[in-house]
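Peer 1: Below you will find the structure I want to go over with you.
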Amino acid sequence: MAAPTRIIALNLGMQTVTLAEFRASQAGALTLHSCQQEELIVDPAADATRAAQIEAAVGGLRRSLGIAAKLPVNFCLPSQSVFTRFVKLPGSSPEEVDGIIGFEAQQNVPFPIDEVVWDYQIMGEPKDNNWDVALVAIKADQLGEINTAVNTAGFKSSVIDVAPMALYNAFRFNYSELAGCSLLVDIGARTTNLIFIEGQRVFSRSIPVGGSTISAAIAKEFKQDILVGEKLKLEKGFVGLGGAYADPEDPTEAKISKIVRNTMTRLHAEIARSVSFYRQNQAGSAPVRAYLSGGTVSLTYMVEFFSEKLQMPIEHFNPLRNVTLASEATAAVVADKAHTFGEVVGSALRALGNCPIEINLRPFTVVREHDLAKRKPFLIFAAVCLLLAPAAWLFYYNRAAAITQEMLDAVNADVGKLEAVASQFASLEDESKKLQEIAAPLILASTERSAWAAILDELGTKLPKRFIWVTKLEPQSDGKLITLSGATNPSAASPSAPPKPGGAPAGPAKIDSLLVSGLYLANPPNSKEAKVIDEFVDQLQTSGIFKVNDRDKSKDVRSTIDGSSWAYTYSFILPLKTPITLP
């Protein structure tokens, strides 16, 4: 299938939103047509308004780049919003891994599995019959809020990627020729993502140190809010070289450079621990080179600092290395910040297909929309058939009417002969009705006689095996007990029916309920609970003979468990779905 010629990619960073439009050739080459970035409020206290900020920023960028509304977009979520876990799963084939990944997700994702949207990717070939699997998840309500903001801003969600995975795809697209282990250090606003890339394998780890950590430290030092700290970082911030290098003459710059260096030193310590973890727990190799990406690495002397600390070749990551720039204006936009476009390049590559990692965290609503889009051609075909159906039916009707008229003429010739037969059938039908009226009482009596056997069998089926016995069943009609003779029990609370002519008392016509009485034991043993009665009533609610609802459940009468008796009494009324007619 031919790749799309126009691709819209969006990166929703914690502090920076980047929108880019790419063009793709049939051969899979990628051209950056236009791009633009918008800053969000840096203060973490404003996170509650993040969805509104995203909607405003994305909408403004779309209009600024002249992108029409309702176009599909591939967008990327920040790693801070997503739970990521790399696991090793046994199996002789990817199909076996597919069979157990659902259970593994339930064990690893720290939220109820029905409250998250999750996806996974098998990484490379197995080692010792174990597969490396990347598992990612995000809370469904959080994802829905972000997706709604993007859609309200004028786009239709297509692929929803995660920042580390998009960066890995961009790295493989631009640096596929490298051998050995490479380390991609993505220093974002809130977190730093470490992405170890070794052949077909990838491992990612997130460290809660980023650009806002520096801004917060500067704000604390100068007793200002974080917005002022961010401004000072951008205007006067750089990584102090330390050692024999002289401090800047500006005391503010000197302070800020030391704060930046201290923060980066703490980050380096975390990177060293992560490298050790990767080598020991993931059986990986030591990185032989490192690349820096993200907005914070734009600070002066960042490359020199990490070259000194990591003792390996360091350079800025260039995700546009194999991407053509459409114009000089586009080149000017990305000239000094190409390292911040890795996520949009990775998201755009998803439209070309055949990416190493193809995670897609689509909300349930988007999945339904995509499924509907796939079925759209069939629905159109069905609609066309529906429109053509009346014409086909009209043709069929006219033809059938002509044939019917011919047949009717032939049938009318035989009508006279059949009328005599019809009168005989009418006579037999009258006789059959009379016989049915005579047999009806007999059939009813036979059916009602078997009803008691069915009732006893149903009670036996629903009765719990332990702790409870039924000792008495008493039929009722309209809330009154019925004697064996069919008359109302004189001890019933309600008055008896008026007498029939001749002085005989009138009994009820039907048995509509049973008064069930019995004994039960305290259960669980040595407690004061009567769960067995509740279990009995719950089972009776599923009966096809008895009509027990929640209101009836509250009417059972049970004696209080006080520990003084070996068993306790209970009773409740069981309405019958089909009343039993008395003879």
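Peer 1: Looking only at region 214-242, which residues are surrounded by 21 or more Cβ atoms within 10 Å (Cβ to Cβ) and not hydrophobic (A, V, I, L, M, F, W, C)?
Peer 2: Those that are surrounded by 21 or more Cβ atoms within 10 Å (Cβ to Cβ) and not hydrophobic (A, V, I, L, M, F, W, C): 215, 229, 230, 233, 237, 240.
Peer 1: Take the conditions free of Cβ contacts under 8 Å to residues at least 40 places away in the same chain, surrounded by fewer than 19 Cβ atoms within 10 Å (Cβ to Cβ), closer than 16 Å to residue 120 by Cα and not assigned by TED's automatic domain parsing to the domain that holds residue 23 and apply them to residue 90. Does it pass?
Peer 2: no
Peer 1: Here is a further query. Just wondering, is there one or more residues in region 76-87 that are of a type in the set (A, V, I, L, M, F, W, C), out of contact with any strand residue (DSSP E or B) (no Cβ under 6 Å at 6 or more places or on another chain) and modelled with pLDDT of 90 or more?
Peer 2: no
Peer 1: Applying the selection to region 83-104, what residues are assigned to a strand (DSSP E or B) and more than 17 Å from residue 358 (Cβ to Cβ)?
Peer 2: Correct list: 83, 85, 87, 88, 89, 90.
Peer 1: Among the numbered conditions (1) out of contact with any Pro (no Cβ under 9 Å at 6 or more places or on another chain); (2) buried (at least 23 other Cβ atoms within 10 Å of the Cβ); (3) touching a residue at least 40 places away in the same chain (Cβ under 8 Å), tell me where residue 160 comes up short.
Peer 2: (1)
Peer 1: Same structure, new question: Taking into account only those residues within region 508-522 that are modelled with pLDDT of 85 or more and small (Gly, Ala, Ser), which is nearest to residue 569 (Cα to Cα)?
Peer 2: 518
Peer 1: Return yes or no: is residue 358 at pLDDT 75 or above, among the charged types (D, E, K, R) and surrounded by 10 or more Cβ atoms within 10 Å (Cβ to Cβ)?
Peer 2: Yes; evaluated as a whole, the condition is true for this residue.
Peer 1: Shifting gears a bit: Within region 523-533, does at least one residue satisfy the condition of being within 22 Å of residue 577 (Cβ to Cβ) and either modelled with pLDDT of 80 or more or not in a helix (DSSP H, G or I) (or both)?
Peer 2: Yes: one or more hits.
Peer 1: Please specify each residue of region 65-99 satisfying the condition of being within 28 Å of residue 44 (Cβ to Cβ) and not aliphatic (A, V, I, L, M).
Peer 2: 74, 75, 76, 78, 79, 80, 81, 83, 84, 85, 86
Peer 1: Take the residues in region 276-307 that are in a helix (DSSP H, G or I) and of a type in the set (Gly, Ala, Ser), then tell me which one is surrounded by the most Cβ atoms within 10 Å (Cβ to Cβ).
Peer 2: This residue is 295.
Peer 1: Answer yes or no as to whether residue 117 is in a strand (DSSP E or B), within 27 Å of residue 210 (Cα to Cα) and modelled with pLDDT under 90.
Peer 2: Answer is no for this residue.
Peer 1: Can you run down the residue pairs with Cβ atoms below 7 Å, 6 or more apart or on separate chains, where the first is in region 227-242 and in contact (Cβ under 8 Å) with a residue 24 or more places away in the chain and the partner is aromatic (Phe, Trp, Tyr) and crowded, with 22+ Cβ neighbours inside 10 Å?
Peer 2: 239/305
Peer 1: Right, something else. For residue 310, indicate whether it is surrounded by 16 or more Cβ atoms within 10 Å (Cβ to Cβ), in contact (Cβ under 8 Å) with a residue 24 or more places away in the chain and within 30 Å of residue 127 (Cα to Cα).
Peer 2: Yes.
Peer 1: State whether the residues of region 152-162 include one that is of a type in the set (A, V, I, L, M, F, W, C) and within 22 Å of residue 207 (Cα to Cα).
Peer 2: Checked region 152-162: at least one residue is of a type in the set (A, V, I, L, M, F, W, C) and within 22 Å of residue 207 (Cα to Cα).
The values are calculated or read from the model by the stated rules, or taken from the named source; none is laboratory data. For clarity, every value in this text was computed on a predicted model and none was experimentally measured. Note that we place each Cβ from the backbone using ideal geometry, even for glycine, and neighbour counts take in every protein chain shown.
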